[in-house]
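A quick write-up on the structure given underneath.
The numbers here are math on the coordinates, done by the rules we state, and not lab data. This is a predicted model, so every value here is computed, not measured. Cβ placement follows ideal geometry from the backbone for every residue including glycine, while neighbour counts extend to all protein chains displayed.
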Amino acid sequence: MSNRLAGLHLYPLKSAAAFSVHHAEVDPIGLVGDRRWMLVDPRARPLTQRELPRLARVHAIPAPAGGLEIVALGMPMLQLDVPGPESPVVQTELHGRPTEGWLAAPDAADWLTDFLETPCRLLYVPPPLARAVAAPWGLEHDRTAFTDGFPFLLIGEGSLAALNDRLGRPVPMDRFRPNLVVSGTEPFEEDEWQRVRIGSLEFRVVKPCPRCVVTTVDQATGARDPAGEPLATLATFRKLDGKVWFGMNLIHEGAGQLRLGDPVEVISCRDARAT
């Protein structure tokens, strides 16, 4: 069975609910509309499901010209336009690496503060402010938005199936918040990929993804699993150098479009054998 793109997911607001699509444009910093917005606290520290699992219940829907519509149970819809270049620039960091964004209007902060029950502000990153992908994985021109580190996260369906075989209660793919889900794979086959083509776009498969407590958050309810699953089970067979690994980080080359059903061609693997 050939590998195909079986899932395509955006996270318009970092760490909020996924927005699944049939097709998406790719620009120099990743999927258009993916993690261009992020919450920070009053001291400009990022807020994610690590601190606020309730963020899973916030749904951010892309709107024209890069704007957002944000909805959550019991709240009125919040409509946001992209801040302009006259907006204040807020300095922050992600995993120890400096980044910055334009500050959104105060009504966005008020809405999100009310729902999340914690003080927060909302930032937007335009392409000119996108930060460089960390060396040695990124090339000089590689940029990313408010991701943890890389423009894309890919997981094969075979890997999730292998994990679920070990769990008492299977978990859905959304626990791992991938952008790209690939069908037709053997368990953890993607670990060995080095370069792939999806549709007309090529990607470098640069680094496995270390997993954190966000994987224990039920994305439908915002509740954490009391037993720490599936992270606890993953740690029994996917732990190396003190970290638990699941999924692969990718960097794209060029711009274009991705569509569900696109063929996923493995150009090369880490043992240098083309497949």
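Among V266, W37, V58, whose Cα lies farthest out toward the positive end of the dipole of the chain, if unit charges sit on the beta carbon of Lys, Arg (+1) and Asp, Glu (-1)?
Ranked along the dipole, the leading option is V266.
Skipping prolines and chain starts, which residues have an amide H placed within reach, meaning under 5 Å, of the one on V182, given they are 5 or more residues away or on another chain?
It is A6, I155, G156, E157, by chain and number.
Count the net charge of all other residues whose Cβ sits under 13 Å from the Cβ of A162, scoring Lys and Arg as +1 and Asp and Glu as -1.
-4
Which of the three applies to region 110-206, rounded, prolate or oblate, going by the alpha-carbon gyration tensor with a ≥ b ≥ c and a/c under 1.5 meaning rounded? Could you put the intermediate results ahead of the total?
Numbers: a/c = 2.75, a/b = 1.19, b/c = 2.30.
The shape class here is oblate.
At what distance in nm do the modelled label points of Q79 and T221 sit from each other, each positioned 7 Å from its Cα along Cα→Cβ?
3.5 nm
Describe numerically, in nm with one decimal, the distance between label points set 7 Å from Cα along Cα→Cβ at Q194 and at D165.
So the two model labels end up 2.8 nm from each other.
Based on the mean of other beta carbon atoms within 10 Å per residue, what is the order of 173-183, 232-242, most packed first? Before the final figure, lay out the partial values.
Working: 173-183: 22.1, 232-242: 12.6.
Top of the packing list down: 173-183, 232-242.
Over the chain, what relative contact order in percent results from Cα pairs under 8 Å that are six or more residues apart?
Working: 632 pairs, mean separation 64.5, N = 275.
Computed value for the chain: 23 percent relative contact order.
Tell me the label-point distance for the pair D241, Q257, using the 7 Å Cα-to-Cβ offset, in nm and rounded to one decimal.
3.9 nm
Using only alpha carbon pairs under 8 Å that are at least six residues apart, calculate the relative contact order of region 158-240 and give it in whole percent. Each step should come with its number before you reach the end.
Numbers: 65 pairs, mean separation 24.0, N = 83.
With pairs under 8 Å counted, the relative contact order is 29 percent.
Once you sort the root eigenvalues of the Cα gyration tensor of region 29-158 as a ≥ b ≥ c, which label holds: rounded (a/c under 1.5), prolate (a/b larger than b/c) or oblate (the other case)? Please report the intermediate quantities before stating the final value.
Values: a/c = 1.58, a/b = 1.37, b/c = 1.15.
In terms of gyration-tensor shape, prolate.
For region 46-100, state which GluC sites (Glu not before Pro) are in a DSSP loop and have at most 16 other beta carbons lying within 10 Å of their beta carbon. Intermediate values should be presented prior to the final figure.
On the way: sites: E51, E69, E86, E93, E100; in loops: E51, E86.
Taking region 46-100 and a limit of 16 other Cβ atoms within 10 Å, the loop GluC sites (Glu not before Pro) found are E51, E86.
Pull out a ≥ b ≥ c, the square roots of the eigenvalues of the alpha-carbon gyration tensor of region 57-101, then state rounded if a/c is under 1.5, prolate if not and a/b is larger than b/c, and oblate in the remaining case.
Oblate shape, in that a/c is at least 1.5 and b/c is the bigger or equal ratio.
Taking K and R as +1 and D and E as -1, what net charge do the other residues with C-beta under 14 Å from the C-beta of D218 add up to?
Net charge around D218: +3.
Counting helices only, and only those DSSP H runs with n ≥ 4, report the 222 nm mean residue ellipticity of the chain as the sum of -39,500 (n - 2.57) divided by its residues, in deg cm²/dmol to the nearest 500. Before the final figure, lay out the partial values.
Details: 3 runs with 24 residues, N = 275.
For the chain, the value works out to -2500 deg cm²/dmol.
If you average the sequence gap of Cα pairs under 8 Å that are 6 or more apart and divide by the length of region 14-73, what percent do you get for the contact order? Don't skip to the end; give the middle numbers.
Values: 66 pairs, mean separation 21.6, N = 60.
Value for region 14-73: 36 percent.
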